[in-house]
Amino acid sequence: SKVPMAKDPVRVLVTGAAGQIGYALVPMIARGVMLGPDQPVILHLLDIPPAAEALNGVKMELIDAAFPLLKGVVATTDVIEACTGVNIAVMVGGFPRKEGMERKDVMSKNVSIYKSQASALEQHAAAGCKVLVVANPANTNALILKEFAPSIPEKNITCLTRLDHNRALGQISERLNVQVSDVKNVIIWGNHSSTQYPDVSHATVKAQHGENHVRELVADDEWLRGEFITTVQQRGAAIIKARKLSSALSAASSACDHIRDWVLGTPEGTWVSMGVYSDGSYNVPAGLIYSFPVTCRDGEWSIVQGLSIDEFSRKKLDATAQELSEEKALAYSCLS
Ligand code: NAD
Ligand code: LMR
């Protein structure tokens, strides 16, 4: 027949769904921004009891928006009900950073949440569930989730550094006055923190014929190795200072980008940044959730191999790995 078969709905869990990012994210998912314009979804929304009424308000608005792709909403404060049968889990629940705090200052509150939610996901999510941790400290929360959900394949547990990646694309686009969609292959290495390394060594801008290297177009190594890096590293703090709230619409949009590319694949010749379980590539210690350049195909990511790393970059890759090792130790000390 010429009429394509309707796809089965995908169940997407959003934790912390009554919060700021949740409020920006759930309508994007319900409109097909995350999984495509022909993919029906059922949203599972989790929050804690003090936010139950607000969560119910979000559910009411989702119904009121009459999204054609939205086939159901489960809004609950019960972790098991929330996790049951989910194919994708976007973990936003937790306590956000306030002005003057580092992301690791929210560590002890958030790692204990991720330990307990790991078990619920492990026992109740659908087989093959893909997990994206957004809540800070994102890499370390994802690592704790991985460690306490040993039957979920490590390839299925990731954290969000796509926002940093997109911030880097945005800064290059502004500097060169080119379309952001023509800039590609920046890299965020390491932690979603102020030690992350935004790297443009391999980044390009689309030209009439082929591509030009960002390094040659900018032709100002001092800016690329200085202000560009610190602007991206400090962007989260700058948003908090300006809004008195941490980033939300850009975080939600980047979370959709992360899942969409993971599930539907990255375009030919393009990589993106994802926080994934390190296998020792680029001499990053194995056993950390570290942001790497990845390509995705058939629902699986792979780390882009063979990129040259100069001495300047090497130091930066190592410094952010060092911070992640320290965070890992600190997380374990919070749990014991
Ligand atoms: P928010 O405070 O507005 O929302 C968080 C929600 O989580 C609240 O509704 C809260 O009730 C809920 N919550 C708390 N404990 C929970 C639990 N155990 N289970 C379920 N829900 C729980 O915060 P926000 O601005 O939406 O930010 C959410 C998180 O995302 C923060 O940790 C923030 O730092 C982080 N963040 C990460 C990135 C990134 O790029 N990785 C970007 C922006 C924000
Ligand atoms: C961000 O990068 O905007 C978030 O991680 C919020 C924060 O604490 O910086």
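Does any residue of the range 206-221 turn out to be within 13 Å of Gln171 (Cα to Cα), within 16 Å of ligand 2 (Cβ to nearest atom) and of a type outside the set (D, E, K, R)? No: zero hits. Among all positions in the range 150-162, there is at least one residue which is surrounded by fewer than 16 Cβ atoms within 10 Å (Cβ to Cβ), among the charged types (D, E, K, R) and not assigned by TED's automatic domain parsing to the domain that holds Glu327.
Rundown of residues vs (1) surrounded by 15 or more Cβ atoms within 10 Å (Cβ to Cβ); (2) within 12 Å of ligand 1 (Cβ to nearest atom), yes/no style:
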site: Asp38; (1), (2): no, no
site: Leu69; (1), (2): yes, no
site: Asp78; (1), (2): no, yes
site: Ala82; (1), (2): yes, yes
site: Gly93; (1), (2): yes, yes
site: Val106; (1), (2): yes, yes
site: Tyr114; (1), (2): yes, yes
site: Ala120; (1), (2): yes, yes
site: Cys129; (1), (2): yes, no
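On the stretch given as the range 122-157, residues that are over 24 Å from Ser193 (Cβ atoms) and in a helix (DSSP H, G or I) total 3.
Considering only residues in the range 230-267 that are touching a residue at least 60 places away in the same chain (Cβ under 8 Å) and of a type in the set (Val, Ile, Thr), the one that is nearest to ligand 2 (Cβ to nearest atom) turns out to be Ile240. Give all pairs with beta carbons closer than 7 Å in which a residue from the range 165-192 that is over 13 Å from Val294 (Cα atoms) and in the same structural domain as Phe292 (by TED's automatic domain parsing) meets a residue that is charged (D, E, K, R) and assigned to a strand (DSSP E or B); count only pairs at least 6 apart in sequence or on separate chains. Correct list of pairs: Asp182/Lys206. Residues that are of a type in the set (Ser, Thr, Tyr), in contact with a helix residue (DSSP H, G or I) (Cβ under 7 Å, 6 or more places away or on another chain) and modelled with pLDDT of 95 or more were ranked within the range 230-252; the one that is farthest from Leu163 (Cα to Cα) is Thr231. Quick one: would you say Leu62 is under 29 Å from Thr266 (Cβ atoms) and either more than 16 Å from ligand 2 (Cβ to nearest atom) or not charged (D, E, K, R) (or both)? No.
Within the range 280-291, the set of residues being out of contact with any helix residue (DSSP H, G or I) (no Cβ under 9 Å at 6 or more places or on another chain) and either assigned to a loop (DSSP other than H, G, I, E, B) or not assigned by TED's automatic domain parsing to the domain that holds Trp262 (or both) comprises Gly280, Ala286. Filtering the range 248-274 to residues that are out of contact with any Leu (no Cβ under 7 Å at 6 or more places or on another chain) and either assigned by TED's automatic domain parsing to the domain that holds Ala142 or within 12 Å of ligand 1 (Cβ to nearest atom) (or both) leaves Ala248, Leu249, Ser253, Asp257, Ser273, Met274.
For Ser308, the conditions (1) at pLDDT 95 or above; (2) assigned to a helix (DSSP H, G or I) are fulfilled apart from (2).
Against the criterion of being at pLDDT 95 or above, surrounded by fewer than 20 Cβ atoms within 10 Å (Cβ to Cβ) and not assigned by TED's automatic domain parsing to the domain that holds Gln196, Pro4 does not qualify.
The values are calculated or read from the model by the stated rules, or taken from the named source; none is laboratory data. Note that the coordinates shown come from a computational prediction; the quantities given were computed from them, not determined experimentally. Note that we place each Cβ from the backbone using ideal geometry, even for glycine, and neighbour counts take in every protein chain shown.
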